[in-house]
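Working notes, structure below.
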Amino acid sequence: MQDLLREIEQFCLRHDMSETRFGELALNDKPFVSQLKAGRDLRSSTAVRLRQFMADYVARQTVPDDGSGRFPAGALAFPHRDLLGIAHLERHEIFYVLDQAERWVELNRQPSKHSDLLSGLTIINAFFENSTRTLLSFEIAGKRLGADVVNMHAAQSSVKKGETLIDTAITLNAMRADAIVIRHGSSGAVDLIASKVDCPVLNAGDGQHEHPTQALLDALALRHALAERGEASEDFTGLTVTICGDILHSRVARSNILCLQALGATVRVCAPPALMPAGIGAIGAEPFHDFDAALDGADVAMMLRLQTERMEGEFIPSAREYHHLYGLTKSRLERAAPNALVMHPGPMNRGVEIDSDVADLIDRSIITRQAEMGVDIRMASLDVLTRKVRQVEGWA
Ligand code: CP
């Protein structure tokens, strides 16, 4: 019976399912897990039913083999309650979200962009830091899917009266949100909130830690740009991406390094020594301090802004000197591969990390495409994470 208890514990962990809920789902409210924990034996027929429940549940969530070989046999489509970071995702789970987003790319290019998929659900966007792209695209995504979307801006909330993050999370939870999207200035704050609420939590950027939907939308935009050039392939194998900027303070850099590598790309990171985190090589990115060398033959230049709001003290002598050494100019772009693509998550500081005549290059810059696909990825993320509460076949 202890084997069964261990199996249940693993199952609950992997499927973000509480043991209580497991008991409800499996066997009509009877607290079997508590009995097991108390060392009581279950009838063998009950143990068989519990194991059958777990096997059926897993089978329903398994992605069908699409013949591409990208989904390992028996792989679960997306066995996570929350989207907290790329670090938690397997390669095939990243592909799953990207593939799910394709239907929203199509819908969002139509004159009528409405779906009722999330009708009746409530989504709260709780933003404790400023945002244009992420907040708006989550709001648009929720509304296009038919959900009721509520935005909580920390500046106008009771956080200003001294309410703690945990009390705020408990309050949002009490209002029975079906998904909570959070941006916060502290690394790990979103994970903390996720541990206090009952609904899915989506990380919209936490401190210097992760910004998973940004990395996913960047991958989708890159995939589309390559496909339009007739360079579509199964993944990003053979592609070299140079990420240049304030790597030290950037959650976008971290999520992108993890995501791009999972999809097969080689990632170089470039920053002045003061803005390069120690041990960056440990997550597989090749560090550079010389931007010209980092750009040499690269297929993609992804530029990041200086995150001055996270800097205490002076990290660079001046914006002018930074631009001279690390700014992407038209002449510097020539060091990259012919037709190399230019990316930037925004917001941009033109004339600092990137020149206008590069940012606006029609055939090379995919910055506006990144903004477009932010909506598609956020629609896909909200869809996938709310399938359990919507009792979608295979996810309920
Ligand atoms: N890329 C990004 O996160 O932009 P916002 O800060 O405007 O959301």
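Things worth noting here:
- From Leu107, Leu4, residue being hydrophobic (A, V, I, L, M, F, W, C), at pLDDT 80 or above and under 25 Å from Leu202 (Cβ atoms): Leu107
- Selected residue [touching a residue at least 24 places away in the same chain (Cβ under 8 Å) and more than 13 Å from the ligand (Cβ to nearest atom)] from Ala174, Ala169, Ala155: Ala169
- Residue match in the stretch 197-220 (condition: free of Cβ contacts under 8 Å to residues at least 12 places away in the same chain and either out of contact with any Ser or Thr (no Cβ under 8 Å at 6 or more places or on another chain) or of a type in the set (Phe, Trp, Tyr) (or both)): no
- Unique match (being touching a Pro at 6+ places or on another chain (Cβ under 6 Å) and buried (at least 17 other Cβ atoms within 10 Å of the Cβ)) among Ala169, Ala179, Ala126, Ala141: Ala179
- Candidates are the residues of the stretch 181-236 that are over 11 Å from the mean Cα position of the chain (by Cα) and hydroxyl-bearing (Ser, Thr, Tyr); the one that is farthest from the ligand (Cβ to nearest atom) is Ser233.
The values are calculated or read from the model by the stated rules, or taken from the named source; none is laboratory data. A quick note: this is a predicted structure, and the numbers were derived from the prediction, not measured. Quick reminder, even Gly has a Cβ in these numbers, built from the backbone with ideal geometry, and neighbours come from all protein chains shown.
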